[in-house]
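A.B. asks: Structure in structure tokens, see below.
The values are calculated or read from the model by the stated rules, or taken from the named source; none is laboratory data. Here the structure is a predicted model, which means the values were calculated and not measured. Neighbour counts are summed over all protein chains in view; Cβ atoms, including those assigned to glycine, are modelled from backbone coordinates with ideal geometry. SASA here: full protein model, heavy atoms, side chains in, ligands and nucleic acids out. Shrake-Rupley method; radii C 1.70, N 1.55, O 1.52, S 1.80 Å.
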Amino acid sequence: MNCMAIRWNDDIIVIDAGMMFPEDELLGVDIVVPALTYLTENRDKVRGLLLTHGHEDHIGAVPWLISELNIPIYGTEFTLAYVEDKLEEHRLLDDAELIEMVPGKRFQLGPFTIHPIQVTHSIVEAVSLAVHTPLGVLLHTGDFKVDPTPPDHRLFDLHAFAEYGKEGVLALLQDSTNVERPGHTPSERAVHPKFEEIFVHARRRLFISCFSSSIHRIKLAMEMAHRFHRKIAVVGRSLVESTEIAQDFGYIDLPPSAFINPGQIREHAPEQVLVLISGTQGEPMSALSRAAVNNHRHAKIEPGDTVVLSSRVIPGNEKGIYRVIDHLFRREAHVCYSDGSTPPVHVSGHASQEELKLIINLVRPRYFIPIHGEYRQLKRHAEMAARMQGVVGQAIMIESGDILEIDELGARRVGEAPVGRVLIDSGSSSDIVEEVIIRDRRHLSEDGFVMPILAINKLTGELEGTPEIVMRGFAGAPDDDGFVAEAVATLRRTLEQSSLEEVADYGMIKEKIRVELKRYINRSTQRRPLIIPVIVEI
């Protein structure tokens, strides 16, 4: 959930507004976006949103931010194309102000001069941002790697970084994602030999799955398919949208005859088809997951077909991904995935240690601030920079919510801004899930629920018939019949020991039943199910 605010007096700019997919413990939650409390509290000071590139963890929360603060959005042409689709989906596009940033071309935003610098990453048109403030230059790298041979020939602008190093940089904020990886990250062209090998040896249908934003990878697969006389079918909404955007911008330039609709896959000989299919992370309802269990309308994987997962395993998704790979092996397909073999089927889009050091050496910042990563990665990055004595003035660790203040006297943490996460159930900003609901869901998932149902005579306050106890997800005691009988007896005793006035107050009697039943269940089973009493008036 990358989202950073830079403030000078009464002017604020925001860099990126990302989202994340939920961890396993966030039951039923679809996406997580950052809480924007600080920005909404200072809404009259926010001048604009600057986007470094078009990945979900940098643009995913744009609809939520724009629905709260309708500020101008700045991004490269390709990034804004992704943002347009998002805003259109949320019916926010008509009122949004989208302004194109051109790498190398400076512009003014309040007291800030913004200089977008061209960098290479796993998505096209990524930029770093040099933010000129009255106190000095802040250099925010965004996500990057130093790729000397990018497929689109848009070279990493090392010269701009070197120039800033000569002029002096107040603070460098650098991507920490791959700081644990030594050496250099391979060029995007490193996957070319593996793809060629796969196309040469594939005897039947070929399925390739990659991140929908990996335009270079999609282009490589399509051009190779065209070369090897295979028709191309694109399956999965996100891949279809990305392919259309890439074609509109000229990144993919193939004749219409190279493509077929998913419904035409089975009309062509297996050795004449490439299927680009979404679902690299094992998402349960993705096209690849459904094809892996033979549950997709068009994409049928048969013995001898080749399936390529050209992506990394995002931490937390291992179970889902390997479950899909298992299903593919059961279908007797040949499966290629990122298993450490060379040449690689996937390369990272983030800088490894030597590239990070290269940028630090070029920039020579007064302050170094690691961003984008887990705490261990930020810590290692700060330690690595601190060891580069004579190059870095001071390395500073900050976490989400920390306010770092820089003035003529130096840099220091001065407190915390209100930050957090907003949990969303179904992609709609109206379906926000409170933490208490997650707690209840977790409670239900671990201990189940018990629902005592009692019929009470409205006039006499007495019990009518035998109370019923419904249990779901709760195993009860070893002797279930005896356990239920004693639970019913507990309900009877609670009513007998209550005054007519208490019984007439349904809120009070429900709470008494809940407390007594909870005490009995906890004593008998050491379990704490959710107890929901139901009173029926007769």
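A.B. asks: Per the Cauchy relation, a quarter of the hull surface: what is the mean projected area of the convex hull of the alpha carbons in region 326-392, in nm²?
C.D. replies: 6.8 nm²
A.B. asks: Kindly provide the helix-only [θ] at 222 nm of the chain, computed as the sum of -39,500 (n - 2.57) over DSSP H runs of four or more divided by all residues, to the nearest 500 deg cm²/dmol?
C.D. replies: That comes out to -9500 deg cm²/dmol.
A.B. asks: Next question. Please pull out the direction-averaged projected area of region 369-412, using the convex hull of its alpha-carbon atoms, in nm² to one decimal place.
C.D. replies: 3.4 nm²
A.B. asks: For region 151-280, what are Rg and Dmax over the alpha carbons, in angstrom?
C.D. replies: My reading of the Cα-based Rg and Dmax gives 18.7, 63 Å.
A.B. asks: Does anyone have the angle between helix 215-227 and the longest principal axis of the chain? Alpha-carbon axes, 0 to 90°, nearest 10?
C.D. replies: 70 degrees
A.B. asks: Net charge within 14 Å of ILE260 by Cβ-Cβ distance, Lys/Arg positive one each and Asp/Glu negative one each, not counting ILE260 itself?
C.D. replies: With Lys, Arg at +1 and Asp, Glu at -1, the neighbours total +3.
A.B. asks: In Å², what does the accessible area per residue of the chain work out to with a 1.4 Å probe?
C.D. replies: 47 Å²
A.B. asks: Here is a follow-up. Counting only protein heavy atoms, what percent of the accessible surface of the chain is carbon or sulfur at a 1.4 Å probe?
C.D. replies: 48 percent
A.B. asks: Nearest 10 degrees, 0 to 90: what angle lies between the long axis of helix 480-496 and the longest principal axis of the chain (Cα atoms)?
C.D. replies: Around 70 degrees separate the two axes.
A.B. asks: I'd like the per residue volume of the convex hull spanned by the Cα atoms of region 216-303, given in cubic angstrom.
C.D. replies: For region 216-303, the hull spanned by Cα atoms encloses 100 Å³ per residue.
A.B. asks: Further question: When all C-alpha to C-alpha distances in region 336-430 are sorted into bins of 5 Å, what percent of pairs does each bin hold, rounded to whole numbers?
C.D. replies: Over region 336-430, the share of Cα pairs per 5 Å bin runs 2, 10, 15, 16, 15, 12, 12, 9, 6, 3, 0, 0 percent.
A.B. asks: While we're on this one: Taking Cα pairs under 8 Å and at least six residues apart, what relative contact order does region 161-302 come out at, in percent?
C.D. replies: This gives 26 percent for region 161-302.
A.B. asks: Same structure, new question: Based on the Cβ-Cβ distance from GLU196 to ARG7, what FRET efficiency comes out when R0 is 60 Å, to the nearest 0.05?
C.D. replies: The formula returns an efficiency of 0.75 here.
A.B. asks: Please list log₁₀ I(q)/I(0) at q = 0.10, 0.11, 0.15, 0.23 Å⁻¹ for region 74-193, using the Debye equation with identical point scatterers on the alpha-carbon positions.
C.D. replies: Relative scattering, expressed as log10 I(q)/I(0), comes to -0.37, -0.45, -0.80, -1.34.
A.B. asks: Same structure again: D for region 477-538, whole µm²/s, Stokes-Einstein with Kirkwood Rh over alpha-carbon pairs at 10 °C and 1.306 mPa s: what number?
C.D. replies: Answer from the Stokes-Einstein relation: 129 µm²/s.
A.B. asks: By average Cβ neighbour count within 10 Å, what is the ranking of 357-364, 509-516, 138-145 from highest down?
C.D. replies: Per-residue mean Cβ counts within 10 Å order the peptides as 138-145, 357-364, 509-516.
A.B. asks: If I model region 271-412 as equal point scatterers sitting on the Cα atoms and use the Debye formula, what is log10 I(q)/I(0) at q = 0.17 Å⁻¹?
C.D. replies: -0.92
A.B. asks: Any idea what Rg and Dmax come out to for the chain if you just take the C-alpha atoms, in Å?
C.D. replies: Over the chain's Cα set, Rg and Dmax evaluate to 28.9, 90 Å.
A.B. asks: Continuing with the same structure: Per q in 0.20 Å⁻¹, report the Debye log10 I(q)/I(0) for region 1-78, using one uniform scatterer on each alpha carbon and no solvent.
C.D. replies: -0.84
A.B. asks: How big is the C-alpha Rg of region 1-131 next to the rule-of-thumb value 2.2 N^0.38 Å, as a ratio?
C.D. replies: Its radius of gyration relative to the 2.2 N^0.38 Å reference: 1.03.
A.B. asks: Then there's this: Mean projection of the alpha-carbon convex hull of region 122-174 over all orientations, in nm²?
C.D. replies: With the hull built on Cα positions only, its mean projection is 3.8 nm².
A.B. asks: Compare TRP64, TRP8 by solvent-accessible area with a 1.4 Å probe and give them largest first, with all protein chains kept in place.
C.D. replies: TRP8, TRP64
A.B. asks: Moving on. Pairing the Cα long axis of helix 353-363 with the longest principal axis of the chain, what angle in degrees results, from 0 to 90 and rounded to the nearest 10?
C.D. replies: 60 degrees
A.B. asks: I'd like the Kirkwood hydrodynamic radius of region 152-217, using the inverse of the mean 1/r over distinct C-alpha pairs, in Å.
C.D. replies: 16.2 Å
A.B. asks: Right, here's the next one. What percent antiparallel are the DSSP beta bridges of region 51-192, to the nearest 5?
C.D. replies: Looking only at bridges with both residues in region 51-192, the antiparallel portion is about 75 percent.
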